[in-house]
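Reading through the structure tokens given below for one structure.
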Amino acid sequence: FTTLSLSAQSVDDVVAKINEAAGGEKAQRAVKSQEMQFEMVMQGGAVKIPVKVIQQRPAFTYSEGTFSGMTFKDAYDGKSGWQINPFAGQMDPAPKNEEELKESEEQADIDGEFIDSKTKGYKIELMGKEDLEGEQAYKLKITNKHGDVKYRFFSADSYLPIKTVSKKKNKEGGETESETYFSDFKKLPNGLMFPHTMDTKIKGQTVQTMIVKSIAFDKTYDASLFAPPAKKADAKVEPKK
């Protein structure tokens with residue numbers, strides 16, 4: 001019994017310190033919405049795409065990016081989601097599949113898995129400490145309500161995130177494991193700490209870097225932003241009688 005209570009205590013203790021390092025639970029819960037402007041850098045800097053990501057309570061998310069005159073859009077309203085991806089020849093809004101909806105649900109959660117974890121169905125386990133490039137890190141195993149697992153590593157010194165290891169199912173039925181590294185942390189006026197650089201690697205190779213250009217809090221977005229736009233063919237004007 002002692003070891004069980006000890007490990008439960010240390011998980012709660014580490015999670016509490018992670019929330020504290022992020023700016024505190026109170027400041028995180030106070031955010032009504034956030035809009036982040038990124039630069040997505042790919043192919044070793046050859047491709048740079050401006051991307052906007054919006055999250056709004058209770059569970060809305062919207063993102064868009066433009067490249068070569070084409071704009072992709074992706075949205076979720078807490079129940080259903082849609083996307084337009086001209087790079088895949090998809091010009092009209094298409095509904096998201098089950099896997100994509102799971103991802104959107106997680107993205108729409110402003111607070112993340114360390115606030116109200118049990119209510120959201122997360123199981124968080126402390127796997128001990130590891131040495132990450134000379135830095136001691138806590139390794140946490142996080143299982144969501146769908147049974148998907150990811151590993152998150154936090155500095156044992158600052159309790160800020162170092163990296164996340166996750167697996168994503170692909171359309172062929174296999175899985176791709178990716179690692180996201182967090183750096184360039186900045187404290188924002190509302191007291192929250194945000195990484196401003198996120199590098200995603202697959203098999204050790206950097207596939208994309210997200211650089212935060214700006215973060216705005218508590219704007220109000222109309223629900224229509226998250227609803228699928230009417231297809232061009234459907235948007236006919238009714239003749240006057």
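The values are calculated or read from the model by the stated rules, or taken from the named source; none is laboratory data. Values in this document were obtained by computation on a predicted structure and should not be read as measured data. Here the Cβ is made from the backbone with ideal geometry for all residues, glycine too, and neighbour counts use every protein chain on show. For accessibility, only protein heavy atoms count, side chains too; no ligands or nucleic acids. Shrake-Rupley method; radii C 1.70, N 1.55, O 1.52, S 1.80 Å.
Relative contact order, percent, of the range 1-113 when contacts are C-alpha pairs under 8 Å separated by at least 6 residues?
Numbers: 159 pairs, mean separation 19.2, N = 113.
Computed over the range 1-113, the figure is 17 percent.
Picking from MET42, TYR76, MET91, whose Cα lies most toward the positive end of the charge dipole for the range 1-146 (charges on Cβ: Lys, Arg +1; Asp, Glu -1)?
TYR76
Equivalent-ellipsoid semi-axes (√(5λ), Cα gyration tensor) for the range 1-135, whole Å, largest first?
34, 19, 15
Rolling a 1.4 Å sphere over the protein heavy atoms, what is the accessible area per residue of the range 18-136, to the nearest Å²?
Values: 6380 Å² over 119 residues.
Averaged over the residues of the range 18-136, the accessible area is 54 Å².
Along each of its three principal axes, how wide is the spread of alpha-carbon positions in the chain, in whole angstrom units, largest first?
79, 40, 40
Could you please report the charge total around GLY121, scoring K, R as +1 and D, E as -1 over all other residues with beta-carbon less than 13 angstrom from its beta-carbon?
Values: positive: LYS102, LYS118, LYS120, LYS123, LYS145; negative: GLU105, GLU106, ASP109, GLU113, ASP116, ASP148.
Neighbour charge sum, excluding GLY121 itself: -1.
Cα axis of helix 98-107 to longest principal axis of the chain: angle in degrees, 0 to 90, nearest 10?
Rounded to the nearest ten degrees, it is 70.
What residue among GLY112, TYR138, SER178 has its Cα farthest toward the positive end of the dipole of the range 94-197, where the charges are +1 on Lys, Arg and -1 on Asp, Glu, each on the Cβ?
Checking the options against the dipole of the range 94-197, the answer is GLY112.
Which Cα, out of PRO228, ALA156, TYR122, lies furthest along the positive dipole direction of the range 111-235 (beta carbon charges, K/R +1, D/E -1)?
Ranked along the dipole, the leading option is PRO228.
State to the nearest 20 debye the size of the charge dipole of the range 83-165 about its Cα centre, where the only charges are +1 on K and R beta carbons and -1 on D and E beta carbons.
So the dipole magnitude of the range 83-165 works out to roughly 300 debye.
Note down the magnitude of the dipole of the range 31-73 about its Cα centre, charges +1 on Lys and Arg C-beta and -1 on Asp and Glu C-beta and zero elsewhere, to the nearest 20 debye.
140 debye
Quick one: which of 217-228, 77-88 comes out on top by average Cβ neighbours within 10 Å, and what's the full order, highest first? Mind dumping the intermediate values first?
Working: 217-228: 12.5, 77-88: 15.9.
Ranking the peptides 217-228, 77-88 by packing returns 77-88, 217-228.
Mind pulling the angle between the C-alpha long axis of helix 2-21 and the longest principal axis of the chain? Nearest 10 degrees, somewhere in 0 to 90.
On a 0 to 90 degree scale, this one is about 50.
With a 1.4 Å probe and all protein chains left in place, how much of the accessible area of the range 91-197 comes from carbon and sulfur atoms, in whole percent?
Heavy-atom surface of the range 91-197 belonging to carbon and sulfur, 1.4 Å probe: 48 percent.
So, with +1 on the Cβ of K and R and -1 on the Cβ of D and E, and no other charges, what is the size of the charge dipole of the chain about its Cα centre, to the nearest 20 debye?
Value, rounded to 20: 700 debye.
Only Cα pairs under 8 Å and at least 6 apart count here; give the relative contact order of the chain as a rounded whole percent.
Rounded, it is 20 percent for the chain.
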